[in-house]
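K.L.:
Shown below is the structure under consideration.
Just so it is clear, none of the values below were taken in a lab; they were calculated from the coordinates. Remember, it's a predicted structure, so these values are computed and weren't measured experimentally. We place every Cβ from the backbone using ideal geometry, glycine too, and count neighbours over all the protein chains shown.
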Amino acid sequence: MDREISVNEEFLIRRAKSDPTHFRELYELYFEQIFRFINRRVGELEISKDITQQVFLKALIGLEKYVYREVPFSSYLYRIAANECNQFFRDSSKVRYVSMDSDIKASLITEIEPEYSTRETDLSELSKALGELSVKELLLVELRFFEKRGFKEIGFILNITENLAKVRTYRLLDKLRKVLEKSHEIEHDEGRHTRE
């Protein structure tokens, strides 16, 4: 994290702690990225807005206890947002939603298996593979590849060590790689049987 940004952020946090009306600056700074994160998971605009408001309300209420730990304040907000989304899915009969554009899919496939092209079948298989991940696994993928968070931040958000965040990410990539390799083998076998 850029030192100038962290100094400015620390200043904004101190100011908001002494006068909650200044929390608006933190709200305006991070609202869009937290809303986008929630909306990718929930997939419903109004519900996403409500959950985002709840996240910032909880952050404001808990601000007095917040301690700066050399990760951006947004990490604290992501942690609250992830918990609020999980609570929403527990309380409702809604199904977990995964939204990603083709650029995110392509970059994730390149990360998983750089030797393969990003054909439409790859993108489709990736969506299926992501759908089979647990809530915790999917959150890790989202934070790393959709939200572009570093391992230190991911560790903070998930309340695990930075090292464990790395290990879990690489295991997940390996798991996704195996699913995609299996789909390539099936596709290859089907193509061979068709020609015979």
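K.L.:
Anything over 20 Å Cα to Cα? Flag those among 17/58; 58/152; 128/182; 128/178, in the order listed. Each step should come with its number before you reach the end.
P.N.:
Values: 17/58 14 Å; 58/152 23 Å; 128/182 13 Å; 128/178 13 Å.
Listed pairs above 20 Å: 58/152.
K.L.:
Beta carbons within 10 angstrom, averaged per residue: use that to sort the peptides 11-19, 141-149, 55-63, highest first.
P.N.:
Details: 11-19: 14.0, 141-149: 19.9, 55-63: 16.7.
Those peptides, ordered most packed to least, come out 141-149, 55-63, 11-19.
K.L.:
Let me ask something else. Calculate the spin-label point distance for residue 57 paired with residue 89, positioning each point 7 Å from the Cα along the beta-carbon direction, and give it in nanometres.
P.N.:
2.3 nm
K.L.:
To the nearest 0.05, what FRET efficiency results for residue 36 and residue 124 with a Förster distance of 25 Å applied to their C-beta separation?
P.N.:
Working: r = 24 Å, r/R0 = 0.95.
That pair, residue 36 with residue 124, gives E of 0.55.
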